[in-house]
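The values are calculated or read from the model by the stated rules, or taken from the named source; none is laboratory data. A quick note: this is a predicted structure, and the numbers were derived from the prediction, not measured. Glycine also receives a Cβ, built like all others from the backbone with ideal geometry; neighbour counts cover every protein chain displayed. Just so you know, the surface numbers come from the protein's heavy atoms only, side chains and all, with ligands and any DNA or RNA stripped out. Shrake-Rupley method; radii C 1.70, N 1.55, O 1.52, S 1.80 Å.
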Amino acid sequence: MKTQVITLLCCIICNWAIAQQQPNTIKVSARVVYVDPEPTFKATVSISSAFSSFDNEMMGLVQVKEHFKKTLEDNGISWNTIKEHEGTFGFETMGYKKEGAIYEYETSSADAMKVFLNISLPFLYRLDATSVIELDSQEVEKITQMALEKAYKKAALLTKVMKRQLGKIISIEQNIGDLVGKPFATTLYYDRIPGEFFYDVTVVYELK
């Protein structure tokens, strides 16, 4: 029993000593919403008679592709802007047990993307539609600076209320790793701005 008490007292003293060595800190988080003025728009669709009973027995994949091509060109979209999916696996992974193909469309024009998304065919199924951005070093520097300034203002306000002084930065964490040259995609939806990018940081400051 005496040994247990001594061990407990030693643990308490050690923890107290460690706590005295560590400075008081305050942790704050900040978010910057950056909108790239020139995003790229991408859409992925699949075509197959499996999606409709429309001429299921009469239209093969070749006919479906030709109908798709003609519809695009009738809407002012060049067939050259459409690329068939080149991955190892494609439509067969979707489990429809029929022939089909996956196509990818890319454009820098929001109007052209609207036209593409408005195309409706009985054998056409949309898989994905996004806006994609890539940040250069200057954009990353700007976004990072904005986030740190926002975090500092939040921390400064809190320490003022606490009647303390803000010290140096102890640590910084961000929600994303390397930012430069990496594509970031945002799903196209009515309540999202194309090219929108969220950057979050968590900063720990020393308190004086």
- [ ] Return yes or no: is LEU148 of a type in the set (A, V, I, L, M) and either part of a helix (DSSP H, G or I) or more than 18 Å from THR71 (Cα to Cα) (or both)?
- [x] yes
- [ ] Output the number of the condition that SER29 fails; it satisfies all remaining conditions of (1) more than 30 Å from ALA156 (Cβ to Cβ); (2) small (Gly, Ala, Ser); (3) surrounded by 14 or more Cβ atoms within 10 Å (Cβ to Cβ).
- [x] (1)
Task: Scan of the stretch 68-104 for residues that are in a helix (DSSP H, G or I), β-branched (Val, Ile, Thr) and within 15 Å of THR44 (Cβ to Cβ), ordered by number - done: THR81, THR93
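Report the residue count in the stretch 36-53 for those that are open to solvent by 60 Å² or more (accessible area, probe 1.4 Å) and modelled with pLDDT under 95. Steps first, please.
Taking the stretch 36-53 first, the residues open to solvent by 60 Å² or more (accessible area, probe 1.4 Å) are 37-38, 42, 53.
Then keep just the ones that are modelled with pLDDT under 95; that gives 37-38, 53.
Summing the residues that are open to solvent by 60 Å² or more (accessible area, probe 1.4 Å) and modelled with pLDDT under 95 in the stretch 36-53 gives 3.
Got a sec? Which of GLU139, GLU149 is over 27 Å from GLY90 (Cβ atoms), open to solvent by 80 Å² or more (accessible area, probe 1.4 Å) and either in contact (Cβ under 8 Å) with a residue 12 or more places away in the chain or under 24 Å from the mean Cα position of the chain (by Cα) (or both)? Let's see the steps before the verdict.
Working: GLU139 fails: open to solvent by 80 Å² or more (accessible area, probe 1.4 Å).
Sole residue among the options that is over 27 Å from GLY90 (Cβ atoms), open to solvent by 80 Å² or more (accessible area, probe 1.4 Å) and either in contact (Cβ under 8 Å) with a residue 12 or more places away in the chain or under 24 Å from the mean Cα position of the chain (by Cα) (or both): GLU149.
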Open item on the list: Need the failing condition index for GLN138 against (1) among the polar types (S, T, N, Q); (2) at pLDDT below 90; (3) out of contact with any strand residue (DSSP E or B) (no Cβ under 6 Å at 6 or more places or on another chain), just the number.
Closed with: (2)
Open item on the list: Give me the residue from the stretch 105-136 that is farther than 30 Å from TYR34 by Cα and assigned to a strand (DSSP E or B) and, out of that set, least open to solvent (accessible area, probe 1.4 Å).
Closed with: LEU124
